[in-house]
Amino acid sequence: MIKALRPTEQLTTKHSVKSITLLILAIELVLVSLSLYESVFTWVMLIIGCSGVIRVIIYSQYYKHLPTIRTLNLLAVLSILGLIYSSFNESLLLIMVNLLVLACALKLMQARSQRDVYQLVSSLFFVIGCGFIFNQSIGFYIFYTLMSLILLISLACFQAPSLPIQRQCKTVLKLSLQALPISILLFLVLPHLPPLWQVPTSKSFETGLADNITPGDIAQLSQSSDLAFRATFQGPVPNPKDRYWRAIVMEDFDGKTWRTAPLRKKIQEQLKRQNKEFSPAVTGSYTEYDIMVEPTHQNWLFALDIATPNNSKSANEIWQSSNYQLISNQTLLSKYEYSVRSYPQALAHQRFTQIDQRLNLDVPESGNKKTQSWVAFQRKLKPSDDEFIQAVLRYFTQQPFVYTLRPKLMLSDPIDTFLFENQAGFCSHYASAFAYMLRLGNVPARVVTGYQGGELVKENNQAPYLSIYQYDAHAWVEAWTEQRGWQRFDPTALVAPDRIEFGLQQAMQDEGSFLADSPFSLARMSNVAWLNNFRLFLADLDYDWSRFVLGFDDTKQKDLFKLILGKVTPDRLSLLGLGIISLVALLLCLFFLPHWLKNRMDTTQRLYFKALDVFESAGTIRPNWQAPLSFSEDIQQQYPATISNPFTQITQLYLRIQYQDTNKHKHSVLNTKRTHKLMRNHLQKLKKEIIKNNKSPL
Amino acid sequence: MNENPLSNATNTISQVLIGKPKQVKLALTCLIADGHLLIEDLPGMGKTTLSHTLAMVLGLQYSRIQFTSDLLPADMLGINIFDNKEQEFRFHPGPVFSQLVLADEINRASPKTQSALLEAMEEGQVSLDGKTHLLPKPFFVIGTQNPQHQSGTYPLPESQLDRFLMRIQLGYPNKEAEKSMLTAQIGDNKTIIKPVMPLNHFIQAQESATKIHASDELLNYILALVTHSRESNQFANPLSPRATKALLSAAKAWAYLNNRDYLIPEDVQAVLPSVAEHRLRSASSDFSTQGSLSQILLEAIDPIAL
Amino acid sequence: MSIIQKQLNKWLDKRIPTANQYQLNHKSIFIFPSKFGALFIGLCGLLFLLGTNYQNNLMLLLCYFLVSIFLVSLLASYINFAKIHLQMGKTSEVFVGDNLHFPMWLNADQKTLQPNGLINFKFKSEKIKINIDKSLSSNGNQIDGNNFTNPVTLNLLCPKRGKVNLSRVSVECFYPLGLYRCWTHLSFPNNIIVFPKPIPCDITLAEKSLNESGESGKTCQQSLGQDDFSHLKSYQLGEPLNHVAWKQLAKGRGMVSKQFASEDSQIGWLSLKHTAASVGLSQAEMLESKLGKLCYQVAELSRKNRVFGLDLGKTKIAPSSGMEHRQSCLTALATYGDD
């Protein structure tokens, strides 16, 4: 990482170590690393801070010596050891990012040569690129764009150390504005390839739902106002109480935690190998919609029951599992859009297999004795499944259950404690207790997690869309009966109907626990009208950003091509390619134009030279060193007054603009524009007279 | 700009020095630009008359020093003489302590004396025995010299020529002028001349001349001229930055004399020969081209295509 | 290697012929991505891979933006470099062992816009040549286009007398972003002559040109300065007062005037044959030392404005004086032996 400097690599005296370039780079490094604070280790942050401070100190000439090579080598070795130690359980991506910023920091501490600067700049660009893996919102995009521009400015400063910073900014801004249309063209036109290979990712970036719930987890999600996904509807939007977004089905219960059944996973893997995709029997009416998921670094997708992919692209990329989940083939590292069709009535008409039966009746023998005896008692009273289910549901309505985001901890026999002692909890408590009770009563049941609800945004000229936030996370129960097939039950709805009808915020109004951990969240202040409008505007902006920028993929590209070409054929595509290339060339020429134009003279000069040309064609050539006034005197002697008068006027006006104090006649009637006009008039007169003169003498 | 009294001065002097209006105007320009003047010509061409008349017209206190090879600096600057009564040295100022000094035939004096005068010109003061004595203000030196190839002379070195703002040559008058000179009553003229204005008006004129506007284009023209002298192979001695400043201030004074409050290239062209000629030296030692060096310079630069 | 070099030089001579001044244009400008440019493109490739693998449109946008910057800065580099206008300046006299200061005027007239950024000047090194002839060393000069003083000078150590083999002047610039290297090799007229190193000695003037028989004429020796005081003489009326030796007068020795050694205005010849070389030198060194001594004498005599001639055996220069004469004498000395 660090080598001894050869003397030839030393910067010349003009870029001394206190070069502004390095200062800018230091600030840049600190800012970019701050934006990655979630992924950069704290001690790496400290080293970055140190290197920044070193640069500032050197720039201010408070201290003049860079750390010695030996110190830095030692630091480098220590850092590598530290990195190895701290990245034991971390993902490759995280290690890479840390290594990169660490290397930048160390390089910055000893940067002297031109090569150091170039390497630093390149690495920083790469770090910015990596930043986009972690942050993709508009705000961060603007921030990173700004950072890129600053990097370019630092390069410009390096090349022209004595140019004032404003001019550097101007140069870089000009370059960037010129580059912008080209880059947008490239973005629109160059093929969007599928991933070339599997990239490392890490657990710690996973957001949203987990593949297991121990009651208590979802409450944490409820504290987050981050967007989970958006759904854009072609047709009517389902009612709030029907907005159950299915994500994960959990069929394995050990008395405390629900998780996806290992058997299911195995079966799924097997099926995947054999490429036998499950397809549910679909009947009844359906709704069609597109979903744009925020990056979760997981594979779960969300859809209303029961969903099938709506187009071939989605069908290729989505795997349907036998418990009606949609699973993406790719980990969701960036925003992902897919379109699905949901059949709300189809759930009841699905096949019920042996495996389903076995998995959904499995209960742990031990624990929760109270519940077990209670269920056994109820089951004896109600032999029919339906009646039994109703009886259990009735228990939730009759007992004083409370919906709260701050339940007490229930460590041992959690279901017993919840049902008979605390009687306060939130969706995962209710769902898990309810499903457990049904299973005890020999009714196949499972917990489904996902989201419930969503904020509807309806613009006049746009398809309506729902924004589903993390606090909409929910858990509910599916139970199977002989007569009705699979059925969805939501015990939470019985306890807190507001949660389902109006969302979590409404439900939590009394308790005040909605987003209690983030008091300044805009979502929390939605009762202030303008703030809410602002929040919705931001959401809208983000929606468009996600849809059109982040979600721009090869299908959208194809649509675009179709829009331009009418029909996508190889001929037309190649024509388009040619067109694009020539467009880029044209743009480049356009940028070159000012350079040619700059060589032209300003208006005053041009008009005066035109007048001179008139005389030249008439045979009077100005000696190229003669000044205007004396030439005008010569003309007065050589030509009649009709010709010389307009020229004298032109000369006077020319002298006025070129040589008089401009401040003096700034406010006078005869400003520059008028002078030009007068000069033009006199020029016309002069031309006429010269022509007359040429004709008449003979 | 209101009518300036200095144009009267030109007319008045021209009555005495007949047939040389341009030279008279240049001489006045030099004084307005607050510079020292060097008049170079053969004996009897009116050098002394010009300087004498200038002093009278402007009402300046005038003294004349005839330079000879045995002239000592003290003869010119003054001397400390021991006063027996007061028991101390008292300074007796020399002829240089007047507002307009005519240093006649400056190249006849030894280099030592020359440099003493030139030092006084540059610094506006005289240092003698550790005491400095300020020269009056305004302070002009009009040096006259014979062309260099006359025998028995010490030509002024380049560094000292540079201190003269302008060098003019009077030349022979034309026939008519010479004739009218003969018919005029010599001796009468001197009595006619009266100062055209009080001295403080002249100082005001100097001040307003410096305020004349020089546009960017014009400054570019001056710079182009100067840089050409540095780049071209034709000039062995290019123009110094001091010469650049001299050129601008002389051009301003010229514009002032022409009642204009801004500079045009003609002003520069008018003063360039007298400002630049003595500072330039031809690269080839061919003396025949010497006379037109500034003309070469002028013709190399187009004043309007800048 | 040398054949390629020769072909390259030929091509260069055709493309950028020798001139006194240059306004750089498409013909004389070469432009190619610099090392950093290559690194930059590599970075773009890496970003593209990463962006594709993470299906990250923003990363792709950044990548395309950088690629566009790369494209656009090609123009910017060219436009900036094309602003350069170079004119050869006057070189001062240079003697063996001195550094030749080769001046160039960069955009001296205000008409054109100033180029920005750091600009490197150096003599184009021809590698083979450097290897053989180590003594011909040159060093470059870096100036800042926004903050420099004209003229830009390049130094060249001159180890040999005679015509300088001036190689082309390479100018390069990386502005605005260092992605491209703009460079050119300019050829300026090659008329610089290195004079022999002057070796101080007594001035030996032969009274007339020596004929073949080698009969030595009367040579006159003269001390160095001629304005030095030589002797006292009794004062005669009309002599300048400042020549009077006042000290002598004060001592009561009467009016005496100081006499100074006056210029000897007789015409003489400097000859190679009659210049004594220092002892203990080889044949070649002897010649050089003689030429050096002659060089010194020419310079001294010219300074005193003396009339003299130069006799180098084959070439003879008739007695004369003045700068031009001095120049031709020195040139003759410098080019002695190479025809």
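Here is how the numbers come out for the structure above:
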| item | result |
| --- | --- |
| Carbon/sulfur fraction of accessible area - the protein assembly as shown, other protein chains in place, 1.4 Å, % | 56 percent |
| Tilt relative to chain A, helix A:42-59 - C-alpha long axis, 0 to 90 degrees, to 10 | 20 degrees |
| Rough spin-label spacing in nm, given labels placed 7 Å along Cα→Cβ, for A:Ala315 and A:Leu81 | 6.0 nm |
| Rounded to whole Hz, the Karplus (6.51, -1.76, 1.60) HN-Hα couplings of segment A:400-410, x for glycine and proline | x, 6, 10, 8, 9, 8, 10, x, 6, 6, 10 |
| Phi to ³J(HN,Hα) by Karplus 6.51 cos²θ - 1.76 cosθ + 1.60 over segment A:391-398, Hz, x for Gly, Pro | 4, 5, 4, 4, 4, 5, 7, 7 |
| Crossing angle, helix A:427-440 versus chain A [Cα axis fit, 0-90 degrees, rounded to tens] | 30 degrees |
| Heavy atoms of B:Glu123: accessible area, 1.4 Å probe, square angstrom to 10 | 100 Å² |
| Of every Cα-Cα pair in segment A:603-695, the percent that sits beyond 20 Å | 32 percent |
| Signed unit charges on C-beta, dipole axis of segment A:603-695, positive-most listed residue A:Tyr639, A:Thr603, A:Pro623 | A:Thr603 |
| Chain A: angle of helix A:628-638 to the longest principal axis, Cα-based, in degrees nearest 10 | 40 degrees |
| Mean residue ellipticity (222 nm) of the protein assembly as shown, computed from DSSP H runs ≥ 4 via -39,500 (n - 2.57), nearest 500 | -14000 deg cm²/dmol |
| A:Lys265, B:Lys245, B:Lys47, ranked by accessible area, largest first (probe 1.4 Å) | B:Lys245, A:Lys265, B:Lys47 |
| Residues of segment C:305-337 buried by at least 30 Å² on assembly (accessible area, 1.4 Å probe, chain alone as reference) | C:Met323, C:Glu324 |
| Probe 1.4 Å, all protein chains present, accessible-area order of A:Ile267, C:Ile4, A:Ile318, largest first | C:Ile4, A:Ile267, A:Ile318 |
| Lysine pair number, Cα distance threshold 24 Å (strictly under), segment B:1-121, separation 8 or more or different chains | 4 |
| Electrostatic dipole magnitude of segment B:1-210 [Cβ: Lys, Arg +1; Asp, Glu -1; Cα centre; debye, to 20] | 560 debye |
| Cβ-based net charge around B:Thr144, under 12 Å, with every Lys or Arg adding one and every Asp or Glu removing one | 0 |
| Rg(Cα) / (2.2 N^0.38 Å) computed for segment B:1-210, rounded to two decimals | 1.08 |
| Longest to shortest principal axis, alpha-carbon extents of the protein assembly as shown, angstrom | 160, 86, 85 |
| Over segment A:7-163, volume per residue of the alpha carbon convex hull, in Å³ | 108 Å³ |
| 1.4 Å probe accessible area per residue over segment C:277-331, in Å² | 48 Å² |
| Protein accessible surface hidden between A and C, which excludes ligands and nucleic acids, total in Å², probe 1.4 Å | 5000 Å² |
| C/B buried area, accessible surface, summed, 1.4 Å probe, Å² | 1200 Å² |
| Inter-label distance, nm, simple model (7 Å from Cα along the C-beta direction), A:Gln637/B:Arg242 | 3.8 nm |
| Entries of C:Lys14/C:Lys124; A:Lys266/A:Lys369; A:Lys256/A:Lys335 with Cα pairs more than 24 Å apart | A:Lys266/A:Lys369; A:Lys256/A:Lys335 |
| Residue order for A:Trp596, A:Trp258 - accessible surface, 1.4 angstrom probe, largest first | A:Trp596, A:Trp258 |
| For chain A, average projected area of the Cα convex hull in nm² | 48.0 nm² |
| Residue-normalised accessible area of segment A:205-511, expressed per residue, 1.4 Å probe, Å² | 42 Å² |
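The values are calculated or read from the model by the stated rules, or taken from the named source; none is laboratory data. Computed from a predicted model, the values in this text were never measured in an experiment. Methodologically, a virtual Cβ is constructed for each residue, glycine included, from the backbone with ideal geometry; neighbour enumeration extends over all protein chains shown. When the accessible area is computed, the model is the full protein with side chains, heavy atoms only, and any ligands, DNA or RNA have been set aside. Shrake-Rupley method; radii C 1.70, N 1.55, O 1.52, S 1.80 Å.
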